[in-house]
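Asker: Please read through the structure below; I'll follow up with questions.
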Amino acid sequence: KRAVTLMNWAYRAGAKRTVNGRVSTSKIVVAFKDLKITLRGAGSVQSARSAVLNKPLQITATGTETTITLPELSEGDVLLLD
């Protein structure tokens, strides 16, 4: 088995709060919808599964490229490949 680890570093500013007289702004993750991940030179990929969503993912193979569609990526995920 193989795996692809994904991390989402897209944040937006959230609410401001004051702690011990200091003002800070919380950060909110900006989730991605229908994210397409293209793998080049990964060899034959028969199936892919999201560890976070715990469901199989759509795969499209063209030549030496495999594209996997992830319905949603919040903070991160691990794609398990067979």
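The values are calculated or read from the model by the stated rules, or taken from the named source; none is laboratory data. No experiment lies behind these values; they were computed from the predicted model shown. Using ideal geometry, Cβ is built from the backbone for each residue, glycine included, and neighbour counts are taken over all protein chains shown. When the accessible area is computed, the model is the full protein with side chains, heavy atoms only, and any ligands, DNA or RNA have been set aside. Shrake-Rupley method; radii C 1.70, N 1.55, O 1.52, S 1.80 Å.
Asker: For the stretch 25-42, name all the residues that are at negative phi, in a loop (DSSP other than H, G, I, E, B) and free of Cβ contacts under 8 Å to residues at least 24 places away in the same chain. Step through it out loud before you land on a result.
Answerer: First, pick out the residues of the stretch 25-42 that are at negative phi: 25-33, 35-40, 42.
Pick out the ones that are also in a loop (DSSP other than H, G, I, E, B) and you get 30-31, 42.
Once the filter is applied, which keeps residues that are at negative phi, in a loop (DSSP other than H, G, I, E, B) and free of Cβ contacts under 8 Å to residues at least 24 places away in the same chain, the stretch 25-42 yields only 30.
Asker: Out of all the residues in the stretch 1-24, which are open to solvent by less than 60 Å² (accessible area, probe 1.4 Å) and in contact (Cβ under 8 Å) with a residue 40 or more places away in the chain? Before you say what the answer is, go through the steps one by one.
Answerer: Residues of the stretch 1-24 that are open to solvent by less than 60 Å² (accessible area, probe 1.4 Å), as a first pass: 4, 6, 8, 10, 14, 24.
Those that are open to solvent by less than 60 Å² (accessible area, probe 1.4 Å) and in contact (Cβ under 8 Å) with a residue 40 or more places away in the chain: 4, 6, 8.
Asker: So for the stretch 43-57 (the condition being in contact (Cβ under 8 Å) with a residue 12 or more places away in the chain, farther than 22 Å from residue 9 by Cβ, among the hydrophobic types (A, V, I, L, M, F, W, C) and assigned to a loop (DSSP other than H, G, I, E, B)), does at least one residue qualify?
Answerer: There is at least one residue in the stretch 43-57 that is in contact (Cβ under 8 Å) with a residue 12 or more places away in the chain, farther than 22 Å from residue 9 by Cβ, among the hydrophobic types (A, V, I, L, M, F, W, C) and assigned to a loop (DSSP other than H, G, I, E, B).
Asker: Name the residues in the stretch 43-82 that are open to solvent by less than 30 Å² (accessible area, probe 1.4 Å) and of a type outside the set (Gly, Ala, Ser), would you? First the steps, then the outcome.
Answerer: Initial filter on the stretch 43-82 (open to solvent by less than 30 Å² (accessible area, probe 1.4 Å)): 45, 48, 50, 57, 66, 68-70, 73, 76-77, 79, 81.
Matches in the stretch 43-82: 45, 57, 66, 68, 69, 70, 73, 77, 79, 81.
Asker: Could you say whether any residue in the stretch 33-42 is open to solvent by less than 70 Å² (accessible area, probe 1.4 Å), modelled with pLDDT of 95 or more and small (Gly, Ala, Ser)?
Answerer: no
Asker: Something else now. Quick check: anything in the stretch 68-76 charged (D, E, K, R), part of a strand (DSSP E or B) and over 9 Å from the mean Cα position of the chain (by Cα)?
Answerer: Going through the stretch 68-76, the residues charged (D, E, K, R) turn out to be 72, 75.
Next, from what is left, pick out any that are part of a strand (DSSP E or B): 72.
From what's left, over 9 Å from the mean Cα position of the chain (by Cα): none.
No.
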